[in-house]
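Reviewing the structure listed below.
The values are calculated or read from the model by the stated rules, or taken from the named source; none is laboratory data. If you're wondering where the values come from, they're calculated on a predicted model, not measured in any experiment. Please note: Cβ atoms are built from the backbone with ideal geometry, for glycine as well, and neighbour counts cover all protein chains shown. Just so you know, the surface numbers come from the protein's heavy atoms only, side chains and all, with ligands and any DNA or RNA stripped out. Shrake-Rupley method; radii C 1.70, N 1.55, O 1.52, S 1.80 Å.
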Amino acid sequence: MTRGEACAKEDEAIAGFDINGKLLEKAPYGNGHINDTFLLVYREDGNQVKRYILQRMNNEIFRDTKGLMENITGITSYLRKQIMKNGGDPERETLNFIRTLDGKSYYTDSTQKAWRVCRFVEHTICQDSAASPEDFYQSAVAFGRFQRLLSDYPASTLHESIVNFHNTAARFIDFQRAVQSDVCGRAENVQPEIAFAMQREKDAHLLVDMQQNGQLPLRVTHNDTKLNNVLFDDRTRKAICVIDLDTVMPGLAVNDFGDSIRFGASTAKEDEQDLSKVSFDINLFESYTKGFLESCGESLTENEISMLPEAAKLMTFECGIRFLADYLAGDCYFKINRETHNLDRCRTQFKLVAEMEQRMEQMHGIVRRYAGCQRDK
Ligand code: ADP
Ligand code: GN1
Ligand code: MG
């Protein structure tokens, strides 16, 4: 079934949820690569307008919908309590899901596709690139806080929504398989990119080995810490709500840091075709490092702190090989809008990797500076 056919089911899904009022509008929304997202606008009986986010979950990628929604329900109710304890507003600072008419957290349509609805967090903005270093700093504070608030969450109750999600070594093997299979005959045109990846094979093991040797602890992590997975209050400009909770599971804190740098400390979009515009911005790296260490640095171990720069490079490398593998496999995973979309994405990532390698010492210096402040406090 194509995505278009599946989306024709959205009316059936909407009717399955316990939403007050009359539906005024529905429209595709956001720039996610995995789920299909819609904005729903309702008018309630008292004439008040309320907005919701409807999502068709990608259950080819997330195969255990029940486990995934148990994770999300568990985490958001826990966060709700933590936020209230800290005097915050749980309606704005975490996601709030609407139940189906029969009391479930998601609706399964007649073609077995799963849907969920949450309240739209009003007066927020979502950014694909940081409008200022201060915004990027704020996103770091939000992701750091997210990790801190979940630090006592019983991690063993979480389902692993995608096995080996940030196992860079396993991702490298998947990439090698895609090169060997070359099902679309695309490999011969991307030899420089393949060579770039192959030269870094041993890097792919670094963090995985450290975790397996007990040098890096498993924590409850978000695992998809893109800037567009955090909502900013449009008046105070504070990053208030971490969204896109599908990949919350036990993982490495350094990877949450690294994935944010990958996406947000670039001077261009993830899919920019003009590589001369793509550059690793060390000032943005500094802003994020400051925010992250201020908000969760105290709970990080020495090893975690010292591996932050490597994780930035490795999350970027991992994403690059995932995009390249998907390009070689015929674009089965990430949504694309043009034939070379995944290749373009891979190229931006590899350019950032190369620049981070040049700047590694400087990145370590920045981390040491802010880790020092943290310990002096
Ligand atoms: P994907 O996994 O496809 O990236 P997301 O859950 O990140 O899906 O949602 C896609 C986009 O929808 C987000 O980047 C954001 O712009 C918007 N969005 C999602 N949830 C909310 C919400 N509760 N309130 C406001 N905007 C939201
Ligand atoms: C996907 O769903 P979205 O667009 O936030 C992907 C991430 C990648 C990212 C690259 C479940 O995230 O791992 O880093 O695209 N999510 C999944 O932009 O694979
Ligand atoms: Mg998202």
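Condition check ((1) under 20 Å from the mean Cα position of the chain (by Cα); (2) modelled with pLDDT of 95 or more; (3) crowded, with 20+ Cβ neighbours inside 10 Å; (4) not charged (D, E, K, R)) across all residues:
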residue: C118; (1), (2), (3), (4): yes, yes, no, yes
residue: A142; (1), (2), (3), (4): yes, yes, yes, yes
residue: V163; (1), (2), (3), (4): yes, yes, no, yes
residue: H166; (1), (2), (3), (4): yes, yes, yes, yes
residue: V183; (1), (2), (3), (4): no, yes, no, yes
residue: L206; (1), (2), (3), (4): no, yes, no, yes
residue: M210; (1), (2), (3), (4): no, yes, no, yes
residue: L216; (1), (2), (3), (4): no, yes, yes, yes
residue: H222; (1), (2), (3), (4): yes, yes, yes, yes
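Residue count for segment 44-70 satisfying the condition of being within 16 Å of ligand 3 (Cβ to nearest atom) and crowded, with 18+ Cβ neighbours inside 10 Å: 8. Only one of T100, T124, T73 is open to solvent by 20 Å² or more (accessible area, probe 1.4 Å) and in contact with an Asp or Glu (Cβ under 9 Å, 6 or more places away or on another chain); which? None of the others qualify; the one that does is T124.
Among the conditions (1) over 30 Å from A265 (Cβ atoms); (2) buried (at least 16 other Cβ atoms within 10 Å of the Cβ); (3) β-branched (V, I, T); (4) in contact (Cβ under 8 Å) with a residue 24 or more places away in the chain, V41 misses just one, which is (4). Taking the conditions exactly as written (out of contact with any Lys or Arg (no Cβ under 8 Å at 6 or more places or on another chain), at pLDDT 95 or above, within 16 Å of ligand 1 (Cβ to nearest atom) and on the phi < 0 side of the Ramachandran plot), does V248 satisfy them or not? For V248, the condition - out of contact with any Lys or Arg (no Cβ under 8 Å at 6 or more places or on another chain), at pLDDT 95 or above, within 16 Å of ligand 1 (Cβ to nearest atom) and on the phi < 0 side of the Ramachandran plot - is met. Only one of the numbered conditions (1) hydrophobic (A, V, I, L, M, F, W, C); (2) in contact with a His (Cβ under 8 Å, 6 or more places away or on another chain); (3) more than 16 Å from ligand 3 (Cβ to nearest atom) is not met by A204, and that is (2).
The residues of segment 14-32 that are in contact with a helix residue (DSSP H, G or I) (Cβ under 9 Å, 6 or more places away or on another chain) and farther than 17 Å from V248 by Cβ, listed by number, are L23, K26, P28, G30, N31.
Which number in (1) in contact with a strand residue (DSSP E or B) (Cβ under 9 Å, 6 or more places away or on another chain); (2) touching a residue at least 24 places away in the same chain (Cβ under 8 Å) marks the one condition that T267 misses? Every condition holds for T267 apart from (2).
Per the listing K85, K81, K113, K22, the residue uniquely free of Cβ contacts under 8 Å to residues at least 60 places away in the same chain and farther than 20 Å from I240 by Cβ is K22.
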